[in-house]
Amino acid sequence: MEKVVFGMALTRFLSASIEFSAAVLMLYFGRVEAAFRINSLLACIGPVVMLIATALGLAGLAGKISLPNMLLIVCGVCLIFYGLKNI
């Protein structure tokens, strides 16, 4: 297994454990206000995890794909964040 794939999977496992812990905390507190605060924190963590996993993937692909294709991938990620900005 490539180290980059392991790093990407580990990033997603960490994200999943944070999400699961947040769900448990929401149930523990049992109030809408607390659940809303926890959910707001998760909204900040999600994009960071996506950026880290994407950066690791791009680093792993750096020598395998051409520069124009790499730029297209970066532009695609930027478009995703631009589209989310308007929500």
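Nothing in this text is a laboratory measurement; each read-out follows from the coordinates by a stated rule. Small disclaimer: the values here were computed from a predicted structure and weren't measured. When we count neighbours, we look across all protein chains shown, and the Cβ atoms used for this are built from the backbone with ideal geometry, even at glycine.
Things to note:
- Matching residues in segment 21-79 - criterion: being in a helix (DSSP H, G or I) and charged (D, E, K, R): 33, 37
- Subset of segment 1-28 that is exposed (fewer than 13 other Cβ atoms within 10 Å of the Cβ) and among the β-branched types (Val, Ile, Thr) - its residue that is nearest to residue 81 (Cα to Cα): 5
- Flag if residue 53 is touching a Lys or Arg at 6+ places or on another chain (Cβ under 7 Å) and of a type in the set (A, V, I, L, M, F, W, C): yes
- Some residue of segment 29-39 being more than 27 Å from residue 85 (Cα to Cα), over 11 Å from the mean Cα position of the chain (by Cα) and either surrounded by fewer than 11 Cβ atoms within 10 Å (Cβ to Cβ) or not aromatic (Phe, Trp, Tyr) (or both): yes
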